[in-house]
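Reviewing the structure listed below.
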Amino acid sequence: MSSAESSTDLDQVILPAIPPVHLLSGQISALQVTDRLQRGGHIVGRFETSGLVGFKVAAHGRPLRVQVSLSTDDMSVSGWHNGITESQGPSLPRFVQVRSQGRLRQCVLLKGRRAHAKVAFELAANEIPDDGLICVEVLDIMEGEGVSEELRQAVSGRVQPDGVAGLRLNKVVFELVPESEFDPDTLDGLRCEFSSLVSAGGLANWNRRQGVRVLRSGLLVVNPVFRDTFGSNGRLTLRLSTKAEAASLLPVTWRRMSSELRWLGHAGRKLCGAAAPVVEQVLGVRDGDMGAPEQRARANVTELTLPDQARWPLLVVLESRRGVIPTLESALVRD
């Protein structure tokens with residue numbers, strides 16, 4: 001008896017995803033493997049804790065570009081799948097790593113209840129097996145192999161434990177690698193994050209894609225990017241600045257006075273050249289401390305030139321200063 005004759009109506013037909021494709025649900029047959037992810041109807045699913053998804057994709061021997069959309073909401077807490085819906089402890093940023101086919105691709109920071117982040121990477125043809133199974137892991141920074149202990153010690157107490165708990169996997173996109181792309185000379189802070197070059201806590205308003213990026217956590221991830229695109233050639237320089245912190249928790253009359261005093265103090269520090277943010281450390285997620293950062297300060301602006309980071313994510317740690325908030329103004333590439 002042939003295999004066709006022995007099949008029954010109960011056999012599930014597995015339809016691979018054919019690029020280009022946007023996968024927006026966890027109920028599709030192309031989603032073949034899940035580990036600690038509960039499938040969704042209008043999203044791919046929600047992670048219970050660090051976990052994995054595996055998709056069957058018809059790559060046909062071609063390299064693929066993969067984009068992963070992650071976000072948080074009110075249910076993004078540890079134990080949500082057991083009925084726990086209340087936040088536990090202070091609102092620290094989540095620091096998670098995204099791996100595919102066993103290799104670290106990018107890292108993201110997510111802070112707050114309405115934060116969105118995008119991860120983007122490419123898979124070479126030889127990284128995709130004959131059966132077309134492409135796996136994407138989302139792990140807390142404290143888990144898994146190949147992460148520097150120096151980096152883990154540097155962020156201990158500054159990031160949320162179990163950072164993947166309750167994280168939404170909104171969609172996964174598979175597309176063919178384009179032959180050429182527009183490559184600008186500079187990107188402002190928000191576009192740096194929207195493009196996945198940097199991650200600073202995730203964007204609450206995903207439609208706002210231009211402007212300065214506030215760095216309230218004092219942490220900034222710089223990710224590897226696609227070949228022949230912004231940040232892949234030459235040395236990447238980040239333009240960092242500071243602004244006065246708003247006194248939002250005081251009574252209205254005192255709030256206005258305090259805000260003005262903070263602004264005057266910040267203006268005075270700018271005139272003295274003492275208002276520029278200070279980069280404490282640059283760490284490779286895999287290699288640890290990258291040595292003394294190359295930074296040049298003027299007024300309230302610091303230009304940080306990064307070492308070659310084409311292969312692994314880097315973490316930039318900024319010095320904490322009372323009354324001021326660091327910001328990312330822009331990034332530029334220099335030969």
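The values are calculated or read from the model by the stated rules, or taken from the named source; none is laboratory data. Bear in mind the structure is a predicted one, so any value in this text is a computation, not a measurement. Because the Cβ atoms are built from the backbone with ideal geometry, glycine has one as well, and the counts that use them run over all protein chains shown. Side chains are part of the model used for accessible areas, which takes the heavy atoms of the whole protein and leaves out ligands, DNA and RNA. Shrake-Rupley method; radii C 1.70, N 1.55, O 1.52, S 1.80 Å.
Peptides 148-156, 13-21 ordered by packing proxy, namely the average of other Cβ atoms within 10 Å per residue, highest first: 148-156, 13-21.
A simple count of charges around Gln101, restricted to other residues whose Cβ falls under 11 Å of its Cβ and scoring Lys, Arg +1 and Asp, Glu -1, yields +1. Taking the square roots of 5 times each eigenvalue of the Cα gyration tensor of the range 10-62, largest first, gives ellipsoid semi-axes of 20, 13, 11 Å. In terms of the Cα gyration tensor, with a ≥ b ≥ c the square roots of its eigenvalues, is the range 1-135 rounded because a/c is under 1.5, prolate because a/b exceeds b/c, or oblate? The shape class here is oblate.
Here the accessible area of the range 36-156 is 47 percent carbon and sulfur, with a 1.4 angstrom probe and all protein chains present. Computed over the alpha-carbon pairs of the range 115-209, the distance histogram in 5 Å steps reads 2, 8, 15, 18, 21, 17, 13, 6, 1 percent, short to long.
Calculated accessible area for the range 56-153 comes out at 43 Å² per residue, all protein chains present (probe 1.4 Å; ligands, DNA, RNA ignored).
Approximating the spin labels as points 7 Å out from Cα along Cα→Cβ, the Glu149-to-Gln67 distance works out to 4.0 nm. Counted residue by residue at 0.36 nm each, then reduced by the alpha carbon distance between them, the extension gain from Ser91 to Lys243 reaches 52.5 nm. Placing a label point 7 Å from the Cα of Asp228 along the Cα-to-Cβ direction, the residues of the range 46-84 whose backbone N falls under 19 Å from that point are 62-66. Here the simple spin-label model places points 7 Å from the Cα toward Cβ, and for Ile18 and Thr186 these points are separated by 4.6 nm. Packing here is the average count of other Cβ atoms within 10 Å per residue, and on that basis the peptides 125-133, 137-145, highest first, run 137-145, 125-133.
Compactness of the range 61-127 is given as radius of gyration and Dmax, 15.2, 48 Å, from Cα positions. Extending 7 Å from the Cα toward the beta-carbon at both Asp287 and Ala125 defines two label points whose distance is 3.1 nm.
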